[in-house]
């Protein structure tokens, strides 16, 4: 621990900034946060805490040099070589547990759109009795594809919660919820990229009061669809969390619940411009399919498997929203029935080329559409997940499983 240690002084509001190699931008984030805290909360004991992963680019020095006036800054870090966003949060929670601040805000270290108003916007619902606050921003339709095509629609469909950004990096929470998170089991993937969906699902399943806030446009380092560890870690954590709540899926939600929205509800600013390497995504999908084809064709029912096989054979992806819903539910079923962790992880890895094929298909579908039209398509897809959830529930009740084997022959659906 480095910086102005709080030395046991009271702490009312804390702002955490998790980071790894963010020296080029973290100073700007600190300065914007500090201006907001001084303007809106001069009467509170506040602090800014950097939870880092032993960055090697000077993040620590950039954080400590950043102007914050009288607001103390504290630098925390994992040991050298220990990386993962979840490790950063674990460190942050352990540190804050000594102080029990009433409000905790977290913002990403790479934000370019953060303004001094953000701390107030994120803190206000917590001050009014909510315990978890998720953001709403205008975000490029090709940024956050795991959110758009998996996290958002599955929470919408199975938990009946319309939370548009369930794995965003800018949010707020109460100390009571933080202590709840600390008591949960943190698996390997939760200590990595799985931590964001872990925190959101735990807040929902624990029946904590949830709100959303409008933050405008999110501008940060552009992120293409994640092709590596992030996909596996997030989806594994998401599937595991959802399956813990199977007994809740049968509840008759007349309409998914939209948590209260604070802040501006008028039209959002234009989203961040970004380019996406469509051909690279397509090549990646094609490259990853052959080694997973056998398991994919075991998991999917014959008709779906034939469609997928034909797409990959000619490298032309037309994977519709409806077909994607069917595929995700078949894979969720297979994950549920897997006999051990190794088999569950193979199921997740087998889903990856199909996810890439869905992203490529979505890009093709939306090239001529504007941001609002793309948002409507994402919402319609979530509604398809919702309207077909009874098929998943009924199939899971059959409790049939196919153990992955070497054959590439089509087999019935696993559930």
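The values are calculated or read from the model by the stated rules, or taken from the named source; none is laboratory data. Everything quoted here is computed from the prediction, not taken from an experiment. Cβ sites come from the backbone with ideal geometry, for glycine too, and all protein chains shown count toward neighbours.
Odds and ends about this structure:
- Residue, nearest to the chain's Cα centre (by Cα), within segment 42-55, restricted to residues that are buried (at least 22 other Cβ atoms within 10 Å of the Cβ) and over 18 Å from residue 86 (Cα atoms): 48
- Residue 344 vs. criteria touching a residue at least 24 places away in the same chain (Cβ under 8 Å) and either out of contact with any helix residue (DSSP H, G or I) (no Cβ under 8 Å at 6 or more places or on another chain) or not assigned by TED's automatic domain parsing to the domain that holds residue 154 (or both): yes
- Of the strands (runs of 3 or more DSSP E) lying entirely inside segment 1-110, those containing at least 3 residues that are farther than 26 Å from residue 213 by Cα and touching a residue at least 24 places away in the same chain (Cβ under 8 Å) are 73-77.
- Among residues of segment 210-223 being buried (at least 17 other Cβ atoms within 10 Å of the Cβ) and in contact with a helix residue (DSSP H, G or I) (Cβ under 8 Å, 6 or more places away or on another chain), the one that is modelled with the lowest pLDDT is 215.
- Yes/no for residue 234 being in the same structural domain as residue 128 (by TED's automatic domain parsing), at pLDDT 75 or above and in contact with a strand residue (DSSP E or B) (Cβ under 6 Å, 6 or more places away or on another chain): no
- Filter result for residue 175 (touching a helix residue (DSSP H, G or I) at 6+ places or on another chain (Cβ under 8 Å), surrounded by fewer than 23 Cβ atoms within 10 Å (Cβ to Cβ), more than 19 Å from residue 229 (Cβ to Cβ) and in contact (Cβ under 8 Å) with a residue 40 or more places away in the chain): yes
- Unique residue being farther than 19 Å from residue 169 by Cβ and either under 29 Å from the mean Cα position of the chain (by Cα) or outside the structural domain of residue 102 (by TED's automatic domain parsing) (or both) when the list is 58, 69: 58
- Test: residue 362 is surrounded by 21 or more Cβ atoms within 10 Å (Cβ to Cβ) and part of a loop (DSSP other than H, G, I, E, B): no
- Tally, over segment 153-178, of residues that are closer than 15 Å to residue 209 by Cα and in a helix (DSSP H, G or I): 5
- Qualifying residue in segment 317-339 (condition: in a loop (DSSP other than H, G, I, E, B) and under 20 Å from residue 158 (Cβ atoms)): yes
- Residues of segment 181-198 satisfying the condition of being part of a loop (DSSP other than H, G, I, E, B) and in contact with a helix residue (DSSP H, G or I) (Cβ under 9 Å, 6 or more places away or on another chain): 184, 186, 187, 188, 189, 190, 191, 192, 193, 194
- Residue-level analysis places residue 201 among those that are at pLDDT 70 or above and either on the phi > 0 side of the Ramachandran plot or crowded, with 16+ Cβ neighbours inside 10 Å (or both).
- Filtering segment 178-198 to residues that are crowded, with 21+ Cβ neighbours inside 10 Å and under 12 Å from the mean Cα position of the chain (by Cα) leaves 190, 193, 194, 195, 196, 197, 198.
- Residue count, segment 135-149 (criterion: assigned to a helix (DSSP H, G or I) and in contact with a helix residue (DSSP H, G or I) (Cβ under 6 Å, 6 or more places away or on another chain)): 4
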